[in-house]
Structure formats: C-alpha cells, structure tokens
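*Asks:* Okay, here's the structure, questions in a sec.
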Amino acid sequence: MAVFRIERTALLSPDAAWRRLTHWAAHSAHVPLTTITVTTPPPTRVGTTFVARTGLGPLGFDDVMRVVRWEPPGAGAAGAAAGRCRIEKRGRVVAGWVEFEVGPRAGGCHVVWRGEVRPRGLPRPLGPVVAWSARRLYGRILDGLLGR
C-alpha cells in the first residue's frame, strides 16, 4: 500500500481546472506509453468507467477505473464550493483509489490530489518507493493538465 498527497495552485478558475482534470483522455499526454479510453457514454458521473492502457504493442496492462464520487465545483452557502471526485482503481495489476478536490483561491484555484496505489504482487516494504513514484507521476499529470 502506497499513500500519497499532492497540492498545486493554478491561475485557473476552479471550473476550468475541474474540466481539465476530468478530461480523462487528456491524462494520456502526461503518462508515458499510456492511452486512456472512456468506456461509458458521456457525461462523466458516478459510474463512469475508463481504462488506462500502459504498454508497448501487445505487452502491457490495463488500469481499470470507475468514478465513485462526482461533485463538480459550484456555488455553496459561503460562495464557491469545492469540487470533489473519487476514482477506484480496479485493474488486475493496479488497485487502490485516487481523489481530488478543486477549490477557489485568490487569483485561481487550489488542487489537492491524494490516493492509495497497490500494485498487485509487490511486497509491502516497497510501499515508500511506490508512493514516491506515484507522487512524481501524478504531479507530472497535474502540472501538465493545469498548464504549470
């Protein structure tokens, strides 16, 4: 089990950042050798599924994911409410979850991305290495999607 947390700020509105972060296929541009395909019809909602196929030619694996929480940013009682999304990873090779929150911040937005990644068959003592790798990978995705 590898738990990680990443925070970023961006000069985007929470709505704009949300649209970028939830454009699932766009994540492919920031993950080497990976293509993401949404397998349910739009719009995204609880129950939306997508598959990240990582590999080269016939060698690779599928990371199957499902949206289990979907709360886009919106107006709350005290102003703009943060948006929240949680995704469960249900692949044969990678299990776990990721979730992110997008909220307002002066001049833009604040994003908190956290998760737990469990590569199947990997010994537990390698958890810190997996957490470090996850922070690097998801940080790269966030930076790319947020235009940083």
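*Asks:* Per residue Cα convex hull volume for region 78-148, in cubic angstrom?
*Replies:* Taking the convex hull of the Cα positions in region 78-148, it is 102 Å³ per residue.
*Asks:* For region 125-141, in order, what is each residue's ³J(HN,Hα) by Karplus, 6.51 cos²θ - 1.76 cosθ + 1.60 with θ = phi - 60°, in whole Hz (x at glycine and Pro)?
*Replies:* Once θ is set to phi - 60°, the couplings for region 125-141 become x, 7, x, x, 5, 5, 4, 4, 5, 5, 4, 5, 5, 5, x, 5, 4 Hz.
*Asks:* What does the charge dipole of region 81-148 about its Cα centre add up to, to the nearest 20 debye, if the Cβ of each Lys and Arg holds +1 and the Cβ of each Asp and Glu holds -1?
*Replies:* 240
*Asks:* Further, regarding this structure: As a test of the formula, what do you get for the chain when each DSSP H run with n ≥ 4 contributes -39,500 (n - 2.57) and the sum is divided by the residue count, at 222 nm and rounded to the nearest 500 deg cm²/dmol?
*Replies:* On the way: 2 runs with 28 residues, N = 148.
One gets -6000 deg cm²/dmol as the mean residue ellipticity at 222 nm.
*Asks:* Mind jotting down a quarter of the surface of the convex hull over the alpha carbons of the chain, in square nanometres, one decimal?
*Replies:* So the Cα hull casts an average projection of 9.1 nm².
*Asks:* Okay, next question. In Å, what Rg and Dmax follow from the Cα atoms of region 30-71?
*Replies:* Over region 30-71's Cα set, Rg and Dmax evaluate to 11.8, 37 Å.
*Asks:* Out of the total accessible area of the chain (probe 1.4 Å, heavy atoms of protein only), what percent is carbon and sulfur?
*Replies:* About 58 percent, which is the carbon plus sulfur part of the accessible surface.
*Asks:* Given the Cα-Cα distance of T40 and S13 and 0.36 nm per residue of separation, how much length would full extension add, in nm?
*Replies:* 7.0 nm
*Asks:* Using +1 on the beta carbon of Lys and Arg, -1 on that of Asp and Glu, and nothing else charged, what's the dipole of the chain about the Cα centre, debye to 20?
*Replies:* Value, rounded to 20: 280 debye.
*Asks:* Under a 1.4 Å probe, what is the accessible area of the chain per residue, stated in Å²?
*Replies:* Value for the chain: 55 Å² per residue.
*Asks:* Oh, and also: Which whole-Hz couplings ³J(HN,Hα) result when phi for each residue of region 12-18 is put into the Karplus expression 6.51 cos²θ - 1.76 cosθ + 1.60, θ = phi - 60°, listed in order with x for Gly and Pro?
*Replies:* Result, rounded to whole Hz: 10, 5, x, 5, 5, 5, 4.
*Asks:* For region 43-51, in order, what is each residue's ³J(HN,Hα) by Karplus, 6.51 cos²θ - 1.76 cosθ + 1.60 with θ = phi - 60°, in whole Hz (x at glycine and Pro)?
*Replies:* 3J(HN,Hα) across region 43-51, in whole Hz: x, 5, 6, 4, x, 4, 10, 8, 10.
*Asks:* While we're looking at this one, here's another question. Tell me, what is the percent relative contact order of region 20-148, built from C-alpha pairs under 8 Å that lie six or more residues apart?
*Replies:* 17
*Asks:* Still on this structure: Which length gain, in nm to one decimal place, applies between A25 and L122 when the Cα-Cα distance is subtracted from 0.36 nm times their residue separation?
*Replies:* 32.2 nm
The values are calculated or read from the model by the stated rules, or taken from the named source; none is laboratory data. Note that the structure is predicted; figures quoted are calculated from it, not measured. So basically every Cβ, Gly included, is an ideal-geometry build from the backbone, and we count neighbours across all protein chains shown. These accessible areas exclude ligands, DNA and RNA; they are computed on the full protein's heavy atoms, side chains included. Shrake-Rupley method; radii C 1.70, N 1.55, O 1.52, S 1.80 Å.
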